[in-house]
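Engineer: This is the structure I have questions about; it appears just below.
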Amino acid sequence: MEAPAAAQGPAEPSRAADPAPDVEITVTSPEQMRALGRRLAGLLRAGDLVMLSGELGAGKTTLTRGLGEGLDVRGAVTSPTFVIARVHPPLGDGPPLVHVDAYRLSGGLDEMEDLDLDVSLPDSVIVVEWGEGKVEELTEDRLRVRIDRAVGDTTDEVRHVTVTGLGERWTTADVGVLAG
């Protein structure tokens, strides 16, 4: 006689949706932050979304500047705070870099729709500063980069960077190479 079938509960979440293990990196200068951005560029391809978070002055734009160098894009990568987004076309065969600063945007993806990020994503690398809670709906596959620094009146250049790959795209990527 067969044992009765066990009651089935909710399906287990897919392993592909689980975040990859965090990679933690200590950066001690703006030059090292740019170098980290160049290393990160080596992992990125068209269709990738990178969300950057951290205090004002943490180094988000400095990291993106290095990313632009690594992707070999045209134009100086500067903070797009007042223009919200800048597109840096590639100088070679790589993807364009779309650099977004969502700091001044209070809404979620609805407010970001005017930027057409969903249209740009398949062909570009999109980096969004202050994007948490605003762009996650663009794709399940994204890279979250958190930059922490000492707060208050300090000249300390040390930054603690935590990189988390989310979605199937990042389960097989070797994010550990970022640790240098």
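Engineer: Checking the a/c ratio against 1.5 first, then a/b against b/c, what shape does the Cα gyration tensor give for the stretch 31-101? Walk me through the numbers on the way to the answer.
Structural biologist: Details: a/c = 1.62, a/b = 1.23, b/c = 1.32.
Oblate is the answer for the stretch 31-101, as a/c is 1.5 or above yet b/c matches or exceeds a/b.
Engineer: How much accessible area per residue does the stretch 43-85 have, counting only protein heavy atoms and a probe of 1.4 Å, in square angstrom?
Structural biologist: On the way: 1660 Å² over 43 residues.
Using a 1.4 Å probe on heavy atoms only, each residue of the stretch 43-85 averages 39 Å².
Engineer: Between residue 155 and residue 84, what is the label-point separation in nm under the 7 Å Cα-to-beta-carbon projection?
Structural biologist: Simple spin-label model gives 4.0 nm for this pair.
Engineer: Apply 1/(1 + (r/R0)^6) to the Cβ-Cβ distance of residue 91 and residue 174, taking R0 = 22 Å, and write down the FRET efficiency to the nearest 0.05.
Structural biologist: Numbers: r = 26 Å, r/R0 = 1.18.
The pair residue 91/residue 174 has a calculated efficiency of 0.25.
Engineer: Kindly rank 136-143, 123-130, 171-178 from highest to lowest mean number of other beta carbons found within 10 Å of each residue.
Structural biologist: In descending order of packing, they fall as 123-130, 136-143, 171-178.
The values are calculated or read from the model by the stated rules, or taken from the named source; none is laboratory data. Note that the structure is predicted; figures quoted are calculated from it, not measured. Neighbour counts run over all protein chains shown; Cβ positions are idealised from the backbone, glycine included. Ligands, DNA and RNA are stripped out before the accessible areas are found, and what is left, the full protein with its side chains, is counted by its heavy atoms. Shrake-Rupley method; radii C 1.70, N 1.55, O 1.52, S 1.80 Å.
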